[in-house]
Amino acid sequence: MRCHHTLTHLSADQTLRDGNGSLNWRLIHAVRPKTTTFMIPEAWTQPSPAVAIEATAIMAFAVSGLLEAARKKLDPVGVCIVVGLTAFGGGTLRDVLLDRRPFFWVEHSWWLWMLIGLSLLSMFFLQTRHFAPTERAVQWPDAVGLGLFTAGGTQLAMVADMPAIVAVLMGTITAVFGGVLRDIVCNEIPQAFRDHRPYAVCSFAGGWVVIAAGQFGLPGWVGLVAGAACATALRALALVFDWRLPHWRAH
């Protein structure tokens, strides 16, 4: 977060601890901001393809979570929880596995306020318009979020110097796990496991596109866009043409 403030300057021999080594709260309060302007998220003032893709992915998955919560007729608390789990679940698990701190929704807590506001306003809108979401309506924003989170998660793992296969799996986890949590909380077998149409496979393929772009020395934004487009396009084609993976047959 970026802010403008006026600080009381300390002389060179002053510290934040007293002679016993304890915190000197008088000095700590002295250096706190005296005047503060509106807090502006730093991501808003430093736009980049990675930030844009992450923001769009969060919103896409939030919409899919919102539609699923509306389909299940959950109350406002349930809607906010499902939206939050869908939007942040995959990225949080990725950050745990990569030992990244703070989590992105902790570092950029304004996202929490945005999604709470989106959930409540959208819930009111859907009720007043008598809009009844279908399962198919959930699949399209989910497909967009799948591609975007795949690309972003894979590239983050690449920056952390993970091996290629690990980076691709991190992208797949980022893209898939939020939807898995959404379906579990809504008392459904996760769509990623029961749909039989390629889902995680599309994410896995998109992750390798990001890796290939990096190996060819292409700019990072090219890899992000290409990987996201590949995963989303594959999922969209699977939905349109009803591509299906092999599954167990009952005897």
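The values are calculated or read from the model by the stated rules, or taken from the named source; none is laboratory data. The structure presented is a predicted model; accordingly, all values stated were derived computationally and were not measured. Glycine gets a Cβ as well: all are built from the backbone with ideal geometry, and neighbour counts include every protein chain shown. These accessible areas exclude ligands, DNA and RNA; they are computed on the full protein's heavy atoms, side chains included. Shrake-Rupley method; radii C 1.70, N 1.55, O 1.52, S 1.80 Å.
So the values come out like this:
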{"read-out": "Whichever residue in segment 92-103 is open to solvent by 10 Å² or more (accessible area, probe 1.4 Å) and assigned to a helix (DSSP H, G or I) and, among such residues, is nearest to D161 (Cα to Cα)", "value": "L98"}
{"read-out": "Criterion: in contact (Cβ under 8 Å) with a residue 60 or more places away in the chain and farther than 20 Å from K72 by Cα - qualifying residue of G179, G223, G217", "value": "G223"}
{"read-out": "Any hit, segment 172-179, residues being in a helix (DSSP H, G or I) and open to solvent by 30 Å² or more (accessible area, probe 1.4 Å)", "value": "yes"}
{"read-out": "Residue that is surrounded by the fewest Cβ atoms within 10 Å (Cβ to Cβ), among those in segment 48-91 that are part of a helix (DSSP H, G or I) and of a type in the set (D, E)", "value": "E54"}
{"read-out": "Enumeration of residues in segment 64-73 that are farther than 11 Å from R182 by Cα and without any contact (Cβ under 8 Å) to a residue 60 or more places away in the chain", "value": "K73"}
{"read-out": "Residue within segment 135-149 that is open to solvent by less than 50 Å² (accessible area, probe 1.4 Å), in a helix (DSSP H, G or I), of a type in the set (V, I, T) and closer than 17 Å to D95 by Cβ present", "value": "no"}
{"read-out": "Filtered residues of segment 153-171 (kept if open to solvent by 20 Å² or more (accessible area, probe 1.4 Å) and not hydrophobic (A, V, I, L, M, F, W, C))", "value": "Q155, D161, P163"}
{"read-out": "Which numbered condition M162 misses (of (1) free of Cβ contacts under 8 Å to residues at least 60 places away in the same chain; (2) assigned to a loop (DSSP other than H, G, I, E, B))", "value": "(1)"}
{"read-out": "Subset of segment 219-228 [touching a helix residue (DSSP H, G or I) at 6+ places or on another chain (Cβ under 8 Å) and either closer than 14 Å to G153 by Cα or in a loop (DSSP other than H, G, I, E, B) (or both)]", "value": "G220, W221, G223, L224, V225, A226, G227, A228"}
{"read-out": "Selected residue (criterion: modelled with the highest pLDDT) from residues of segment 183-208 that are part of a helix (DSSP H, G or I) and more than 20 Å from the chain's Cα centre (by Cα)", "value": "F193"}
